[in-house]
Amino acid sequence: MDLILVRPHFHPHVALVQLNRPKELNALNLQLMAQLRETLKQLDADEEVRAIVITGNERAFAAGADIKEMAGKSAIDMFLIDQFATWDQIRKTRKPLIAAVSGFALGGGCELAMTCDMIIASETAVFGQPEIKLGIMPGAGGTQRLTRAIGKAKAMEMVLTGKHLPALEAERYGLVNKVVPVDLYLDEAMRLADEIAAMSPVAVRLAKESVNRAFETDLDEGLHFERKNFYLSFASEDQQEGMQAFIEKRPPHFQGK
Ligand code: DAK
């Protein structure tokens, strides 16, 4: 299997998805991407799952799309394969996605990490968009998401030279939420996922949608969207439970309703 799905016993509301082509540094071939798309679709529909962690292994999150698979392709082949549909579907996952990154997150690997909502990195993680060295350019959101995350000057340098960005710098520029020692990156990502999974799934979904809007619209429209989702959160049983639990000085038990 190019992908391993784990439902860890001690994290009842978190799913862990592991990219599993270690010999190829988790190069993202069509088969792996299709499996990822289907797995995320299934997890998105599973009421027990409230947050999803995507990881690779210590050496590589993913070293990019599979160059050997892409090398002989023509523009029309690429058009007909329509990998963008797969990437778009992954992007539309409604539950929170956390990338737990160690080692290489390059090209499509960096783009996949950035498609997630948050990134926890090990000290050994390196991010990069080296497509330019192959005579192409990023195609799965790299020029857009990297620029929004770290600003034009740094993004331009990375995209035009293929230069890597080490974890601590990535954290300083705001690409990464937190950098931890290599033996802790997965635990830290699972801890963050647990923390989110303890919240109201309805409120989390509405809030994720609203934060994402900040990147897609102007301020007026974003505020309008936020207000509609804010009102909607008052239609949930979780809102009643959250506020009642506060008043009764007890932890809330959110049902996602
Ligand atoms: N594809 C295929 N194989 C890869 C690979 C990749 N991206 N990266 C590494 N491998 C393979 C190597 O070929 C090698 O295989 P063997 O020779 O053992 O058979 C094995 O993994 C170990 O790699 P190395 O021997 O090279 O290991 P090193 O530690 O020496 O170097 C490295 C690690 C990560 C610096 C190096 O492997 C490297 O530079 N890899 C390529 C990085 C890269 O250029 N990535 C960007 C690829 S282009 C699209 C969406 C997305 C994309 C395109 C289209 N659509 C929606 C249409 C994305 C494009 C890309 O990502």
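The values are calculated or read from the model by the stated rules, or taken from the named source; none is laboratory data. Just so it is clear, the model here is predicted, and its values are computed rather than measured. Note: ideal-geometry Cβ built from the backbone for every residue, glycine included; neighbour counts use all protein chains shown. These area figures cover heavy atoms from the full protein model, side chains too; ligands, DNA and RNA do not enter into them. Shrake-Rupley method; radii C 1.70, N 1.55, O 1.52, S 1.80 Å.
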Checklist outcome for this item: Most fluctuating of 23, 133, 154 in the GNM of the chain (C-alpha, under 10 Å) is 23
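Using a 1.4 angstrom probe with every protein chain in place, what is the largest-first accessible-area order of 131, 237?
On the way: 131 20, 237 115 Å².
So the residues, ranked largest to smallest area, are 237, 131.
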Next on the checklist: Give me the percent relative contact order of the range 50-166, please, defined on Cα pairs under 8 angstrom at least 6 residues apart.
Outcome noted: 26 percent
Checklist entry - Per residue, what accessible area does the range 11-56 have, given a 1.4 Å probe and all protein chains present, in Å²? => result 41 Å²
Item to check | Whole-Hz couplings from phi, Karplus 6.51/-1.76/1.60, listed for the range 164-171; x for Gly and Pro | outcome: 7, 10, x, 3, 5, 5, 4, 5
Checklist outcome for this item: Dividing the mean separation of Cα pairs under 8 Å (6+ apart) by the residue count of the range 127-257 yields a relative contact order in percent of 18 percent
Item to check | For the range 32-120: rounded, prolate or oblate by the Cα gyration tensor [a/c cutoff 1.5] | outcome: oblate
Next on the checklist: Which residue fluctuates most in the GNM of the chain (Cα springs below 10 Å): 74, 236, 210?
Outcome noted: 74
Next on the checklist: If packing is taken as the average count of other Cβ atoms within 10 Å, what order do 219-232, 87-100 fall into, highest mean first?
Outcome noted: 87-100, 219-232
Next on the checklist: If DNA, RNA and ligands are ignored and the probe is 1.4 Å, what is the ranking of 213, 50 by accessible area, most exposed first?
Outcome noted: 213, 50
Item to check | Solvent-accessible ranking of 61, 10, 84, largest area first, probe 1.4 Å | outcome: 10, 84, 61
Checklist entry - Based on DSSP, what percent of beta bridges with both residues in the chain are antiparallel, to the nearest 5? => result 20 percent
Checklist entry - How many percent of the accessible area of the chain is carbon or sulfur, using a 1.4 Å probe? => result 59 percent
Checklist outcome for this item: Taking Cα pairs closer than 8 Å and at least 6 residues apart, the relative contact order of the chain in percent is 16 percent
Checklist entry - Between rounded, prolate and oblate, where does the range 145-222 land on the alpha carbon gyration tensor, with a ≥ b ≥ c its root eigenvalues, rounded for a/c under 1.5, else prolate if a/b exceeds b/c? => result oblate
Checklist entry - Where is the GNM fluctuation largest for the chain (alpha-carbon springs, 10 angstrom cutoff): 48, 216, 123? => result 216
Item to check | Solvent-accessible area per residue for the range 149-241 (1.4 angstrom probe, square angstrom) | outcome: 60 Å²
Checklist entry - Counting only the heavy atoms of the protein chains, how much of residue 173 is accessible to a 1.4 Å probe, in Å² to the nearest 10? => result 80 Å²
Checklist entry - Per q in 0.12, 0.13, 0.27 1/Å, what log10 I(q)/I(0) does a Debye calculation on the alpha-carbon atoms of the range 1-79 return? => result -0.40, -0.46, -1.24
Checklist entry - So what's the projected area for the range 66-207, the Cα convex hull averaged over all directions, in nm²? => result 9.2 nm²
Item to check | residue 132 paired with residue 198, simple spin-label distance in nm, labels 7 Å along Cα-to-beta-carbon | outcome: 4.4 nm
Next on the checklist: Could you compute how much accessible surface residue 116 exposes when probed at 1.4 Å, giving the result in Å² to the nearest 10?
Outcome noted: 10 Å²
Next on the checklist: Rounded, prolate or oblate, given the Cα gyration tensor of the chain, with a/c below 1.5 counting as rounded?
Outcome noted: prolate
Checklist entry - Per residue, what accessible area does the range 62-131 have, given a 1.4 Å probe and all protein chains present, in Å²? => result 41 Å²
Checklist entry - Kirkwood Rh, Cα Rg: Rg to Rh for the range 173-257? => result 1.07
